[in-house]
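Notes for the one structure printed next.
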Amino acid sequence: MSDILVETRRKFHQFPEVGFTEYITTYEIYEHLKDTDFTLHLGDDVLLKSARVGMPSEETMAASYQRALDYGVPESFLSKVKDGMTGVIATIDTNKPGPHFAARFDIDGLPITEATDQAHIPNSEGFGSQHFGEMHACGHDGHITVGLNLVKYINANIDNLKGRFTIIFQPAEESVKGAKSVVEKGWLDDVDYFFSLHLGIRKMPVGTVSLSTTDFLATTKLDAHFTGKSAHAGVEPNEGNNSLLAASSAALNLNAIARHRDGATRINTGSLTAGSGRNVIADQAKMEIETRGETTELNEYMYEKAVKVLESSANMYDNKVEIELVGQAVSSVCSSELVKMIRDTVEKVNSVKDLRDALPLGASEDVTLMLDRVHEKGGQATYMLFPFDLKYGHHHPSFDLDENVLPVAVEVFQNVTLAIMKAD
């Protein structure tokens, strides 16, 4: 099993695709599962198109589409997922009374150029990213691998199982863009038990397993577009309304927002681009910003303050500012009852050496929208962590999975599935 898992992970590692451009990834997931008894859903059946945010530019979408054609994805397949309708949902009904079991695995890569030194195993072993400027730098290639195995395990053992299964291969988790469109499509509305996972996160030995996660930070991702007025910087600078200065003022003052007494808050300006030339008063600027909070309420506090800063900075320099929401996640909690239900089962898995009820995330994940929807509808949900000895952190050009973590996650998911869904 380990060899197959490694081979699968390494294949997906070679073609990372950023959110809503996962055409090759979607096709390969479909190809892996098409011979199972699962019904495979694509395109409009997976996502609510109007609920998507933070879509790539038309140029990026077109280039990704062409790249998929060049890879060999049939145009007949691409027609079903075009315009960023990526991802796969696999469903099956045992036709025996029982609960509805769902699991989610994220599939997108990051806009990072992968390391090319010989110490980086994907490079030295020949499975590094073939897409320059894109990389699986967060382990989603491993998540896909675990999800594919789960579908095949359920398929092979369907006679011993009860109830219904929904396995979600979700696009665009990075920058928390994709889950909302899955949730709003209604896929989580009648789920009894929901599971998701992350490989890594904590620097701990392989075999450590956390049955749930704490410290989800709520977040809002926003772009601010400033529009001013250009003018000759030497002849009539007084005639210009400087967007570069408006955005720069905003960047400095965003970091001056008072932190809240009730919990952790964060804000970051990740990029600022402005202007067109040294002798031209800049008439446009764009900022990419994120706020975070220990709770949804704390994040809303940071977001509301950020909007005031952006609007005030624009007014100061006679600019207009348009604020665009491009991603969002809430804070959430895992179900303690579900942790208790699966603890004995996971404890008996041979590859599990150190079992924890919970470990902190300290970051944001749009899976929280799914957790909350399941809770709202009366179901139970958890997000498990499978740490390993991280040599480089997530989102680093030299990030790499310890592939020994793959069979641990696979065995845990198989045993949990059987424990909950075994037919009487």
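Take residues that are of a type in the set (Val, Ile, Thr), crowded, with 24+ Cβ neighbours inside 10 Å and at negative phi and tell me which of the strands (runs of 3 or more DSSP E) falling wholly in the stretch 353-424 contain 1 or more. Hits in the stretch 353-424: 380-388.
Just to be sure before I move on: is His225 more than 29 Å from the chain's Cα centre (by Cα) and at negative phi in the structure I sent? Give the derivation first.
Working: more than 29 Å from the chain's Cα centre (by Cα): no; at negative phi: yes.
Taking the combined requirement at face value, the residue does not satisfy it.
The combined condition, being free of Cβ contacts under 8 Å to residues at least 12 places away in the same chain and over 22 Å from the mean Cα position of the chain (by Cα), is not fulfilled by Lys348. Within the stretch 263-308, the set of residues being among the hydroxyl-bearing types (Ser, Thr, Tyr) and surrounded by fewer than 17 Cβ atoms within 10 Å (Cβ to Cβ) comprises Ser271, Thr273, Ser276.
Is it fair to say Asn350 is among the polar types (S, T, N, Q) and either assigned by TED's automatic domain parsing to the domain that holds Glu174 or assigned to a loop (DSSP other than H, G, I, E, B) (or both)?
Details: among the polar types (S, T, N, Q): yes; either assigned by TED's automatic domain parsing to the domain that holds Glu174 or assigned to a loop (DSSP other than H, G, I, E, B) (or both): yes.
In short, yes.
Pairing each residue of the stretch 391-417 that is aromatic (Phe, Trp, Tyr) with any residue that is assigned to a loop (DSSP other than H, G, I, E, B) and surrounded by 24 or more Cβ atoms within 10 Å (Cβ to Cβ), provided the two are 6+ apart or on different chains, yields C-beta distances under 7 Å for Phe399/Ala137. Applying a threshold of 6 Å to beta carbon distances and a minimum spacing of six or more residues, or different chains, the list of pairs starting in the stretch 110-130 at a residue that is over 14 Å from Arg9 (Cα atoms) and ending at one that is among the small types (Gly, Ala, Ser) reads Leu110/Ala137; Ile112/Ala137; Thr113/Gly133; Glu114/Gly128; Glu114/Ser129; Ala115/Ser398; Gln118/Ser124; His120/Ser398.
Taken as a whole, the condition of being under 20 Å from the mean Cα position of the chain (by Cα), closer than 19 Å to Ile201 by Cβ, assigned by TED's automatic domain parsing to the domain that holds Gln14 and at pLDDT below 95 applies to Ala363. Among the residues of the stretch 253-275, which ones are among the small types (Gly, Ala, Ser) and either out of contact with any strand residue (DSSP E or B) (no Cβ under 8 Å at 6 or more places or on another chain) or not assigned by TED's automatic domain parsing to the domain that holds Ala306 (or both)? Result: Ala256, Ala258. Only a single criterion out of (1) outside the structural domain of Arg259 (by TED's automatic domain parsing); (2) of a type in the set (A, V, I, L, M, F, W, C); (3) in a helix (DSSP H, G or I) is not satisfied by Ala306, namely (1).
Filter the stretch 211-246 down to the residues that are part of a strand (DSSP E or B) and among the charged types (D, E, K, R) and list them by number. Before the answer, list the steps.
Initial filter on the stretch 211-246 (part of a strand (DSSP E or B)): 213-216, 218-227, 229, 232, 241.
Residues satisfying the conditions are Asp215, Lys221, Asp223, Lys229.
The set of residues in the stretch 7-35 being among the acidic types (Asp, Glu) and in contact (Cβ under 8 Å) with a residue 12 or more places away in the chain consists of Glu17, Glu22, Glu28.
Close Cβ contacts (under 6 Å, 6 or more residues apart or on different chains) running from residues in the stretch 235-246 that are within 12 Å of Ala282 (Cα to Cα) to residues that are modelled with pLDDT of 95 or more and of a type in the set (D, E, K, R) comprise Gly240/Lys229; Asn241/Lys229; Asn241/Asp318; Ser243/Asp283. Can you confirm whether the stretch 335-344 contains a residue that is surrounded by fewer than 23 Cβ atoms within 10 Å (Cβ to Cβ), hydrophobic (A, V, I, L, M, F, W, C) and not assigned by TED's automatic domain parsing to the domain that holds Val18? No.
The values are calculated or read from the model by the stated rules, or taken from the named source; none is laboratory data. What you see is a predicted model; the values in this text were computed from it and never measured. As a convention, Cβ positions derive from the backbone with ideal geometry for all residues, glycine included, and neighbour counts pool all protein chains shown.
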